[in-house]
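The values are calculated or read from the model by the stated rules, or taken from the named source; none is laboratory data. A quick note: this is a predicted structure, and the numbers were derived from the prediction, not measured. For neighbour counting, all protein chains shown are included, and Cβ atoms are generated from backbone atoms with ideal geometry for every residue, glycine included.
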Amino acid sequence: MKQLSSFARVSLGVFPTPIHRLNRISEELKADIWIKRDDLTGLGLGGNKTRKLDFLLADAKNQGCTTVFTTGGAQSNHAMLTAAACRKLGLTPILLLKKRGVTENVGNRYLESLMGVEVRLIDTDDYADIYREMDEMGRARGEKYYKIPCGGSNALGSLGYVDCAREIAAQDGGFHHIVVAEGSGGTMAGLALGAKLFLPHARAHGMMVDTDPFDEITPRLMREAAALLDAQVEITPDDYALMDMCGPGYAIPSKEGNEAVRLMAEREGIFLDPVYTGKAFAGLIRLCREGTFAKDDRILFVHTGGAGGLFAVR
């Protein structure tokens, strides 16, 4: 198997991110619950996309690209962090965002305006329309450009969370369950593959906060990332678990998710967001209350960030 260190990377974040126990939450839920603070990755307001961008933007630079396009919803954490990373590296970011959700100049839209980033809102539900627009804009600019998919969720981006699993194993390899939000698939796929490679006693749980077919996306990205690594592993449904936590819809807060946001704030002084991490932690709470975990299981929640969206979604 190839070493992760053999892949080109840029250095955008501050790693390793801390792991610590959630003592008051653990007491309340009668479980041993820990948190991986990927909300503290150091770029922008922090978040999981930093690990993916280390690999993706290294690829862009190696190809000689000077402009980087990406996409997402109007309040996309990924888009905002991609813009921040490009500013740090001297690349030109252009964001083509779906005209859905909160489009006003608040939350991540405000942060993008502070960075002076070009943002276009596209009235479509189909990302294929947006990727075509990227190509048209890129050709018109006459510069070499790089397209990053929604969430940075392709095989190369997923390596960021294979590496996160390796980092977790080096910090504390004694976890039985790893819980994370799944919004585009790459973070979950990377963690699930990384757990298979570096944390053989742990199972990754993807808390699905969108309606995409993650039962197809997750194993496909795992296989593609494994192929990049030349890892001779068989990907099976037993390697991971998926749980629907979308609630009323993507980027629409749920009652359960909002309660989880408030519980984490009141008990631990840590802020989740209502689109991703709040719904994901609500899934962890539900699993605890349903008795899914064994008494002695150690559970790790990966906090993937999203602070910008907290100031946009009511």
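Could you grab me the full set of residues in segment 192-233 that are among the β-branched types (Val, Ile, Thr) and either buried (at least 22 other Cβ atoms within 10 Å of the Cβ) or under 17 Å from GLU167 (Cα atoms) (or both)?
VAL209, THR218
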Okay, helices (runs of 4 or more DSSP H) sitting entirely in segment 228-311 with 2 or more residues that are more than 19 Å from GLY72 (Cβ to Cβ), I get 255-268, 277-289
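Take ARG109 and tell me if it is surrounded by fewer than 21 Cβ atoms within 10 Å (Cβ to Cβ) and farther than 16 Å from LYS49 by Cα. Don't jump to the end; show me each part of the working.
On the way: surrounded by fewer than 21 Cβ atoms within 10 Å (Cβ to Cβ): no; farther than 16 Å from LYS49 by Cα: yes.
When the stated conditions are applied, ARG109 does not pass them.
Which of the residues spanning segment 133-190 are among the β-branched types (Val, Ile, Thr), under 17 Å from ALA79 (Cα atoms) and in the same structural domain as MET207 (by TED's automatic domain parsing)? Can you show your working first?
At the first step, the residues of segment 133-190 found to be among the β-branched types (Val, Ile, Thr) are 148, 162, 168, 178-180, 187.
Within this subset, residues satisfying the condition of being under 17 Å from ALA79 (Cα atoms) are 148, 187.
Across segment 133-190, the qualifying residue is only THR187.
Of everything in segment 151-164 that's more than 15 Å from GLY13 (Cβ to Cβ) and surrounded by fewer than 24 Cβ atoms within 10 Å (Cβ to Cβ), which residue is nearest to the chain's Cα centre (by Cα)? Before you say what the answer is, go through the steps one by one.
To start, the set of residues in segment 151-164 that are more than 15 Å from GLY13 (Cβ to Cβ) comprises 151, 153-156, 158, 162.
Restricting the remaining residues to those that are surrounded by fewer than 24 Cβ atoms within 10 Å (Cβ to Cβ) gives 154-156.
Numbers: ASN154: 12, ALA155: 14, LEU156: 14 Å.
The qualifying residue nearest to the chain's Cα centre (by Cα) is ASN154.
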Only one of ALA189, ALA83 is over 18 Å from LEU43 (Cβ atoms), out of contact with any Lys or Arg (no Cβ under 7 Å at 6 or more places or on another chain) and part of a helix (DSSP H, G or I), namely ALA189
For segment 86-112, the count of residues that are in contact (Cβ under 8 Å) with a residue 60 or more places away in the chain and either in contact with a Lys or Arg (Cβ under 7 Å, 6 or more places away or on another chain) or farther than 26 Å from GLY249 by Cα (or both) equals 2
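Could you tell me whether segment 118-125 includes any residue that is free of Cβ contacts under 8 Å to residues at least 60 places away in the same chain, touching an Asp or Glu at 6+ places or on another chain (Cβ under 7 Å) and not assigned by TED's automatic domain parsing to the domain that holds VAL275?
Here is the first cut: in segment 118-125, the ones free of Cβ contacts under 8 Å to residues at least 60 places away in the same chain are 118-125.
Now narrow it down to the ones that are touching an Asp or Glu at 6+ places or on another chain (Cβ under 7 Å): 119, 122.
In the following step, the residues that additionally are not assigned by TED's automatic domain parsing to the domain that holds VAL275 were identified as 119, 122.
Taking every residue of segment 118-125 in turn, at least one turns out to be free of Cβ contacts under 8 Å to residues at least 60 places away in the same chain, touching an Asp or Glu at 6+ places or on another chain (Cβ under 7 Å) and not assigned by TED's automatic domain parsing to the domain that holds VAL275.
If we scan segment 164-177, do we find a residue that is of a type in the set (Lys, Arg) and under 26 Å from LYS98 (Cβ atoms)? Break it down stepwise before answering.
Filtering segment 164-177 down to residues of a type in the set (Lys, Arg) leaves 166.
Next, only the ones that are under 26 Å from LYS98 (Cβ atoms) stay: none.
Checking segment 164-177: not a single residue is of a type in the set (Lys, Arg) and under 26 Å from LYS98 (Cβ atoms).
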Inspect all residues belonging to segment 115-129 and state whether any of them is assigned to a helix (DSSP H, G or I) and surrounded by 21 or more Cβ atoms within 10 Å (Cβ to Cβ).
-> no
Requested in this report: Take THR17 and decide whether it is under 24 Å from ALA189 (Cβ atoms), modelled with pLDDT of 95 or more, assigned by TED's automatic domain parsing to the domain that holds ASP163 and not in a helix (DSSP H, G or I).
Outcome: yes
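Could you tell me which of the residues ALA260, ALA204, ALA241, ALA195 is assigned by TED's automatic domain parsing to the domain that holds LYS36, in contact with a Gly (Cβ under 6 Å, 6 or more places away or on another chain) and in contact (Cβ under 8 Å) with a residue 12 or more places away in the chain?
Every option except ALA260 fails the conditions.
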Scanning segment 32-57 residue by residue, those assigned to a loop (DSSP other than H, G, I, E, B), surrounded by fewer than 22 Cβ atoms within 10 Å (Cβ to Cβ) and in contact (Cβ under 8 Å) with a residue 60 or more places away in the chain turn out to be LEU45
If you go through segment 207-222 one residue at a time, do you hit one that is within 18 Å of VAL179 (Cβ to Cβ) and part of a loop (DSSP other than H, G, I, E, B)?
yes
